[in-house]
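Values in this text are rule-based calculations from the coordinates and carry no lab data. Given the structure is predicted, the values throughout are model-derived calculations rather than measurements. Positions of Cβ are backbone-derived with ideal geometry, glycine not excepted, and every protein chain shown enters the neighbour counts.
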């Protein structure tokens, strides 16, 4: 029960941080340029056009836009890091770290919560390096290609020449949300997802934690 309350508390904190309004690329372009500096100048320069100023997807660390490259008219996905996200993460982790000893005493937990929070903080900060994220995606795809899942499971191609630490550019992959798939497709996709996790844990040793929306 104590562990349950702790999980609920942490989940509440996470939900609070995820309730963030979408930021418009045009409306906040000056803010982005001040925050990302030359990264956003590069981001705006290689694009022929953005499909929409409204993000295709958004989360706590960044937003994704669909755009087209000037060089070959190829559709790409462009993830732009949120302005001020580093400070937001630092504040969140500071608050959780401050309350961790209180939670440990209150629920008599036999766990070093401060150490756990510190490790979370390192993980969150690592997620801010979009170039490393691209490299990790390449390593994931290379490892999967050596298994029977080759050609079925992959990460979108990482376009390193257009990416920076705060702007990640990959190929655009058409897909369908799991909740909009037919029952037959859901069965197939769930089977693929399960096999993928088992393959990552038991065979490749490289874990991709983002298979929440598998696509055929």
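Give me the number: length gained by fully extending residue 174 to residue 108, i.e. 0.36 nm times residue separation minus the C-alpha to C-alpha distance, one decimal in nm.
In short, 18.9 nm is gained.
Compute the distance in nm between two label points, each set 7 Å from the Cα along the Cα-to-Cβ direction, one at residue 86 and one at residue 160.
2.3 nm
So how much slack lies between residue 152 and residue 119, counting 0.36 nm per residue of separation and subtracting their Cα-Cα distance, in nm?
Extending this stretch completely gives an extra 8.6 nm.
Quick one: 96, 144, 56, fewest Cβ neighbours within 10 Å first, how do they rank?
56, 96, 144
Treat the count of other C-beta atoms within 10 Å as a stand-in for reagent exposure and order 66, 119 from fewest to most.
The fewest-first ordering by Cβ neighbours comes to 119, 66.
Can you tell me the FRET efficiency between residue 95 and residue 74 if r is taken as the Cβ-Cβ distance and R0 is 41 Å, rounded to the nearest 0.05?
Rounded to the nearest 0.05, the efficiency is 0.45.
Just to be sure I understand the model, the point goes 7 Å from the Cα along the line to the Cβ. What's the resulting residue 187 to residue 145 distance in nm?
Each label point lies 7 Å from its Cα, and together they span 3.3 nm.
Arranged by the count of other C-beta atoms within 10 angstrom, fewest first, what order do 129, 115 take?
115, 129
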